[in-house]
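Chemist: Structure below; questions to follow.
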Amino acid sequence: MTADPFRLGWFGNLTAPEWKTPYRGNDPLTWFNGDFHVDMVRNLERAGFDFIMLEDSLMVPDIYQGSAEIELKHARYAPKMDPVVAAAMLARATKHIGIIATASSTFYHPYQLARQFATINNLSGGRVGWNVVTSSEDRAAQNFGLEKLPEHDLRYDMAEEFMEAVKGLWGSWGEGAILADAESGYYADYEKVQPVHYEGEYYKTRGPLNIPAGPNGRPVICQAGGSPRGRDFAARHADVILAIPNGAAGAKEYRDDIRRRAALIGRNPDEIKVFSVVYPIVGETARDAEEKNAAWYARKQHNFEVQMTHFAATMEIDFSPYDPDLPIPDEVSTNGHQSTLEIWRKQLAGKTIREGFSGMRVQTTEMVGTPDGIAAQMDEFMQEVGGDGFLIYGQPISRQYVAEMTDGVAPALQRRGLLRTGYAHDTLLGNLNSFN
């Protein structure tokens, strides 16, 4: 017995590729020209991935130890290029794979975002997606003239309005509005291009948009809601959800909850595809994979520094004043990723800060083995969860790791009938919905 077919996506970013290993071709100094990421996305397309999701952040973090030193030492958040700009290049370099770019509803204006994503949706033939974030860092807010972010739930109130305004703008060009009729002399039918006149508590925009929204009437919507407000938002708006619950049982609970919330507001739950984040460790043999996994955990000081800067950047919590040989204090809280903080509390229960963060890896469940072994583990996971896909996370990215996925794991999944071998549709939304 095997699981139903599922999908693969890649959790990526536009930061420096792996630069601490001797593997040739990672281009740690020249990646700014885009060649590294173009090659990567073409390989993902060849392997049958549905999309790459490009995360983003809008600051150089300096929370940990009150300095940007450790962050810039490891180059996890900076330097980083704008994914919305790069999405157009990556879409032009490919034919089938979706390109999902992150943009913050807290810092964009609805008209600006609607226009940019409509442009790329047209340029890509319907293969672009918007990963909706509300941001989680005061440092980012300060780059946009604010002292600090709005409170967590208020950001979701604002995001609801933002989404209403953006969807209104995308809908401001009716079907058949483009005529290009030489006989009548009309290029566009003015009666099918209407103002939006959106006015909410936080956003106001007249419309109409000055470009049609493109294939499917809008880009794909992606979200990573984990808190109760985030889950409601994702169930209402998202086509794709990124999730990091704990284990297969947690993934099933999360997916079932999202589907329940969607049904309660009248959406077809099958329209929403939940992708569990995983970081497979692949070896030529099972022993090789175990040794690679053990070597990762053995890099305790490196892992500790990376996770401390990641935690400080996303949560804006500086753990340097706390004793690393004691557990996370109960009083620690955040206005950032609240659901992630609670997940980490559970995962680190009974461990000291140093023990926990030295072994922390961003993933739903551990997967270690040969390509066939990883495929079997994914199969078993999906049999329990019920769908819909995996989001491969491996930071920083290397050509070697991409090849392990595209030339190892993907073919192993295809041999089991679990992964697509071709693209049935021209658009990202069509391919996402080509099977349940």
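Chemist: Which of the listed residues, Ala289, Ala75, Tyr393, is farthest toward the dipole's positive end in the chain, when Lys, Arg count +1 and Asp, Glu count -1 at the beta-carbon?
Modeler: Of the options given, the answer is Ala289.
Chemist: Here's something else I'd like to know. So what is log10(I(q)/I(0)) for segment 293-358 at q = 0.16, 0.17, 0.18, 0.28 1/Å, when the Debye sum runs over its Cα atoms only?
Modeler: These q points yield log10 I(q)/I(0) values of -0.51, -0.57, -0.64, -1.46.
Chemist: Quick one: Cα centre-to-centre distance for segment 242-300 and segment 24-95, in angstrom?
Modeler: 22 Å
Chemist: Hey, what did segment 60-120 get for relative contact order, percent, Cα under 8 Å, at least 6 apart?
Modeler: Contact order relative to length: 23 percent.
Chemist: FRET efficiency for Phe144 and Lys73, Cβ-Cβ distance as r, R0 = 30 Å, nearest 0.05?
Modeler: Efficiency, from the Cβ-Cβ distance: 0.70.
Chemist: What number comes out for accessible area per residue over the chain if the probe is 1.4 Å? Units Å², please.
Modeler: 43 Å²
Chemist: Ignoring ligands and nucleic acids, what accessible area does Tyr111 show with a 1.4 Å probe (Å², nearest 10)?
Modeler: 60 Å²
Chemist: Hey, another quick one. Run the dipole for the chain about the Cα centre, Lys and Arg Cβ at +1, Asp and Glu Cβ at -1, nothing else charged, and hand back the magnitude in debye, nearest 20.
Modeler: 660 debye
Chemist: Sticking with this structure for a sec: Evaluate the distance, in nm, between pseudo-label points positioned 7 Å from the Cα of Asp318 and of Ile265 along their respective Cα→Cβ axes.
Modeler: 3.8 nm
Chemist: Right, something else. Using a cut-off of 17 Å between alpha-carbon atoms, which aspartates and glutamates can reach Lys346, once sequence neighbours fewer than 8 places away in the same chain are excluded?
Modeler: Glu253, Asp330, Glu331, Glu355, Glu366
Chemist: In whole percent, how big is the carbon plus sulfur part of the accessible area of segment 293-358, probe 1.4 Å, protein atoms only?
Modeler: That share works out to 53 percent.
Chemist: Give, rounded to the nearest 20 debye, the magnitude of the charge dipole that segment 293-358 has about its Cα centre when Lys and Arg contribute +1 at Cβ and Asp and Glu contribute -1 at Cβ.
Modeler: So the dipole magnitude of segment 293-358 works out to roughly 340 debye.
Chemist: Excluding residues on the same chain fewer than 8 positions from Lys80, give the lysines whose Cα lies under 29 Å from its Cα.
Modeler: Filter leaves Lys20, Lys95, Lys148, Lys167, Lys273, Lys292, Lys300.
Chemist: Would you calculate, for the chain, the mean residue ellipticity at 222 nm contributed by helices, counting each DSSP H stretch of 4 or more residues as -39,500 (n - 2.57) and dividing by all residues, to the nearest 500?
Modeler: Taken over the chain, the calculation gives -12000 deg cm²/dmol.
The values are calculated or read from the model by the stated rules, or taken from the named source; none is laboratory data. Since the model is a prediction, treat every value here as computed from it, not as a measurement. Every residue, glycine among them, receives a Cβ derived from its backbone with ideal geometry; neighbour counts consider all protein chains shown. When the accessible area is computed, the model is the full protein with side chains, heavy atoms only, and any ligands, DNA or RNA have been set aside. Shrake-Rupley method; radii C 1.70, N 1.55, O 1.52, S 1.80 Å.
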